[in-house]
Number of protein chains: 2
Amino acid sequence: MDMTVERIGTTGGGARPRGAARAEGRGVRPRGVRGHVVRDPELAEARRRSILLAAAVLFGEKGYEAATLDDIAQAVGITKGGIYHYFLSKEDIFYEIRVTAIKDALTRLEDILAQGHPPAEALRLAVSDLVSHVLDSPLERHANVLRTPPSLGRRKRQAIRQLQRRYEAAIQHLIAQGVERGELVARDAKLAAFTLLRSALGVATWYREGGPWSRDLIVAQVTDQIMEGLVRR
Amino acid sequence: MDMTVERIGTTGGGARPRGAARAEGRGVRPRGVRGHVVRDPELAEARRRSILLAAAVLFGEKGYEAATLDDIAQAVGITKGGIYHYFLSKEDIFYEIRVTAIKDALTRLEDILAQGHPPAEALRLAVSDLVSHVLDSPLERHANVLRTPPSLGRRKRQAIRQLQRRYEAAIQHLIAQGVERGELVARDAKLAAFTLLRSALGVATWYREGGPWSRDLIVAQVTDQIMEGLVRR
């Protein structure tokens, strides 16, 4: 997965794969965050994600500073020790929430780009993908409404920002290509990319499961509304 | 100002005018939050706003829970007692940040509606107004990136939400009118209003003074991008 993501954007670097993900690539037994052997990587990943989701919801509800590791453990129904099996600290959990969500989105964007559509069509698929996953993935939805806390530490904040920039740069590139080919209209592709992404991810701020609209109506209308804003008439 | 705002939307109620604003309407000498006579209402309002802005910046930087009244007093260059002259508590400051920003925006929207433009044109002016003020008013910009802390108390949270709903309802109404008259396209006017507002206010999440784009380019392009997404072809 990380190999795939590396191909997007030009800034390079970004967050490094960790724990199980890193070990998998080398063909050795995966190791956890504390160096222990992970016997069932799939189960470990599912537990890891359930902790991330519970924490993302809590950070959104109570605020990052106010939410404690005890709150998170209680929400997942495990002990604080159980959390330390997967994460080093609350800071580490916040970091992994954001990195996991952005990497997931980058992987999917890479898949769309690999399909070789014209830029406007690839952009439409990317927008639709983002909106869909905000609706379908609670982790992505809750991760997207969190602001990075300043107490997070400079290295982690920069790593998150760098991953975000890779996503933004890929969207900006699609828009610029679309403008060049006369499919799209935008005076400044980067500004257009920012506006597009805030519209698509903004769904996370108001969407509630069981709300008045079907998932498919939201995906279709938000995607249309965003794309019509850029398509040449 | 509160009279003007009352004319928008149908939900009624909302935040009540307070302190100086309430007294002004009755033709008596304005009184502050602690019942004292305000000698210079204009100066008092300027000081009140400087506290709100400093607090909004701090809440954004440190998080609401982590920021203290001492931090805010230090940022404004006054004593904590100086803050208590204008606000009852940190909670009260957060509440006033949001209410002041939304009421300012509602007052301007009312002015636009009073000009009697066709719906699509009124909507374009409203979008341009929102984006402009996110750029021109630091209070509006910083207020717009804050999430209401759950510790705020139910009544205050509901009052903020109700003011927001009045703004959303007015935009939704403009879109619905535009669709009816064949000027605009939207399957669901409320969903379109949410998407439009997230795009316009989303500028607050990335805008930095002294950035690469002129104010006028941002206002023009974001407004065009949002409006083109709804205008009938």
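The values are calculated or read from the model by the stated rules, or taken from the named source; none is laboratory data. None of the values given here were measured: they were computed from a predicted structure. We place every Cβ from the backbone using ideal geometry, glycine too, and count neighbours over all the protein chains shown.
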Within the stretch A:174-212, how many residues are in contact with a strand residue (DSSP E or B) (Cβ under 7 Å, 6 or more places away or on another chain) and of a type in the set (S, T, N, Q)? 0
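With the requirement that a residue be more than 9 Å from chain B (Cβ to nearest Cβ) and within 22 Å of the chain's Cα centre (by Cα), what does the stretch A:211-231 give you?
Taking the stretch A:211-231 and keeping what is more than 9 Å from chain B (Cβ to nearest Cβ), we get A:211, A:214-216, A:219, A:223.
Scanning the stretch A:211-231 gives A:Arg215, A:Asp216, A:Val219, A:Thr223.
Quick one: which residue in A:Gln158, A:Gln225 is closer than 16 Å to A:Ala126 by Cα and not aliphatic (A, V, I, L, M)?
Values: A:Gln158 fails: closer than 16 Å to A:Ala126 by Cα.
When all the criteria are applied, what remains is A:Gln225.
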Among residues of the stretch B:112-139, those that are farther than 23 Å from B:Gly182 by Cβ and without any contact (Cβ under 8 Å) to a residue 60 or more places away in the chain, counted: 4
Scanning the stretch B:78-99 residue by residue, those under 18 Å from the mean Cα position of the chain (by Cα) and either at positive phi or modelled with pLDDT under 95 (or both) turn out to be none
Touching a residue at least 24 places away in the same chain (Cβ under 8 Å), crowded, with 23+ Cβ neighbours inside 10 Å and away from chain A (no Cβ under 12 Å) - does that describe any residue in the stretch B:188-205? no
I'm checking my understanding of the structure. Among residues of the stretch A:156-187 that are within 10 Å of another protein chain (Cβ to nearest Cβ) and more than 21 Å from B:Val145 (Cα to Cα), which one is surrounded by the most Cβ atoms within 10 Å (Cβ to Cβ)? A:Ala186
Scan the stretch B:27-80 for residues that are more than 14 Å from every other protein chain (Cβ to nearest Cβ) and among the basic types (Lys, Arg) and jot them down. B:Arg29, B:Arg31, B:Arg34, B:Arg39, B:Arg47, B:Arg48, B:Arg49, B:Lys80
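May I ask you to say which residue of B:Glu96, B:Glu61 is surrounded by fewer than 20 Cβ atoms within 10 Å (Cβ to Cβ) and not aliphatic (A, V, I, L, M)?
Values: B:Glu96 fails: surrounded by fewer than 20 Cβ atoms within 10 Å (Cβ to Cβ).
Checking each option against the conditions leaves just B:Glu61.
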Taking B:Arg208 as meeting all but one of (1) in contact (Cβ under 8 Å) with a residue 40 or more places away in the chain; (2) more than 9 Å from chain A (Cβ to nearest Cβ); (3) not small (Gly, Ala, Ser), write down the number of the exception. (1)
What number goes with the only condition from (1) away from chain A (no Cβ under 14 Å); (2) closer than 19 Å to B:Ala56 by Cα; (3) surrounded by fewer than 17 Cβ atoms within 10 Å (Cβ to Cβ) that B:Ala105 does not pass? (3)
